[in-house]
Amino acid sequence: MKAMWDERYQSKEYQYGINPNDFFAEQIAQFPIGRILIPAAGEGRDAVYAAKLGWEVYAFDLSEQGKSKAMKLARDQQVQLHYVCADALQMEFPFESFDLIMSTYFHTPPDVRTKVHAQFINWLKPGATLLIEGFNKRQLAYTSGGPKNIEWLFDPTLLASDFNSLAIQVNQEIQRTLNEGPLHQGLAEVIQFKGIKSK
């Protein structure tokens, strides 16, 4: 997987654009500034956006190429990121250390997903929020991006199960048009999720 992502990100062009995910940009405006984690941060679009708003940003990704481009984007935008290149299952953060976690199109095999999602819960502070946007299972019929294995895609029941300890505010499937660099273009079936950890 690492080799695939490194190859994907080696182009000078930002494969998912340099602007933040729409759902993320809409949601983050509602929170007081704090410490945020961006898992599978890729080329850094969401991480850099949060840093520009004044957040203390932590990020990780499997790809060295992704990190390199994210750090270049951060330099260009004159912000700082705490960005680590590592496999998600190897990441360690202190228990209850983030005010917000935003996971954007982070799709993995089911056995990895459940472990990573459990870590998200552990890493959230009491009262903190988890945001997710990803492809739902109907995305297989579209060519606008995402994995072609239905087991890697989301649905509301799956996310409700993974995050049953959170107070779920949003868990909806919607159809939207993506315009996020060359690899996320066109009509897509996505899921948006928002959950809050109890205090």
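For the reader, a short list of remarks on this structure follows.
- Among the residues of region 73-91, those identified as farther than 26 Å from residue 151 by Cα, open to solvent by 70 Å² or more (accessible area, probe 1.4 Å) and either in a loop (DSSP other than H, G, I, E, B) or free of Cβ contacts under 8 Å to residues at least 12 places away in the same chain (or both) are 75, 76, 78, 80.
- Count - residues of region 56-72 that are crowded, with 24+ Cβ neighbours inside 10 Å and not in a helix (DSSP H, G or I): 4
- Residue pairs meeting the criteria (Cβ under 8 Å; at least 6 apart or on separate chains; first part of a strand (DSSP E or B), in region 177-198; second open to solvent by 20 Å² or more (accessible area, probe 1.4 Å) and of a type in the set (Lys, Arg)): 187/176; 188/176; 189/137; 189/138; 190/176; 197/125
- Top-ranked residue in region 97-121 [being out of contact with any strand residue (DSSP E or B) (no Cβ under 7 Å at 6 or more places or on another chain), among the polar types (S, T, N, Q) and not in a loop (DSSP other than H, G, I, E, B); ranked as nearest to residue 149 (Cα to Cα)]: 114
- Test: residue in region 11-27 that is touching a strand residue (DSSP E or B) at 6+ places or on another chain (Cβ under 6 Å) and exposed (fewer than 15 other Cβ atoms within 10 Å of the Cβ): no
- Flag if residue 24 is part of a strand (DSSP E or B) and either polar (S, T, N, Q) or under 12 Å from the mean Cα position of the chain (by Cα) (or both): no
- Residue list for region 157-175, filter: open to solvent by less than 60 Å² (accessible area, probe 1.4 Å) and either among the hydrophobic types (A, V, I, L, M, F, W, C) or over 17 Å from the mean Cα position of the chain (by Cα) (or both): 158, 159, 160, 163, 166, 167, 170, 174
- Unique match (being surrounded by fewer than 18 Cβ atoms within 10 Å (Cβ to Cβ) and in contact with a His (Cβ under 6 Å, 6 or more places away or on another chain)) among 147, 94, 109: 147
- Number of the exception - residue 183 against (1) open to solvent by 50 Å² or more (accessible area, probe 1.4 Å); (2) closer than 18 Å to residue 108 by Cα; (3) at pLDDT 95 or above: (3)
- When restricted to residues that are on the phi > 0 side of the Ramachandran plot and either open to solvent by 20 Å² or more (accessible area, probe 1.4 Å) or among the aliphatic types (A, V, I, L, M) (or both), region 28-52 contains 1.
- Any hit, region 140-155, residues being under 26 Å from residue 8 (Cα atoms), in contact with an Asp or Glu (Cβ under 7 Å, 6 or more places away or on another chain) and not acidic (Asp, Glu): yes
- Per-region count, region 70-94, residues basic (Lys, Arg) and either modelled with pLDDT under 95 or touching a Ser or Thr at 6+ places or on another chain (Cβ under 7 Å) (or both): 0
- Of all residues in region 122-141 being more than 15 Å from the chain's Cα centre (by Cα) and part of a strand (DSSP E or B), the one that is surrounded by the most Cβ atoms within 10 Å (Cβ to Cβ): 128
The values are calculated or read from the model by the stated rules, or taken from the named source; none is laboratory data. These numbers were taken from a predicted model, which means no experiment stands behind them. With ideal geometry, Cβ positions are generated from the backbone for all residues, glycine too; neighbour counts draw on all protein chains shown. Keep in mind that these areas ignore ligands, DNA and RNA; they rest on the heavy atoms of the full protein, side chains included. Shrake-Rupley method; radii C 1.70, N 1.55, O 1.52, S 1.80 Å.
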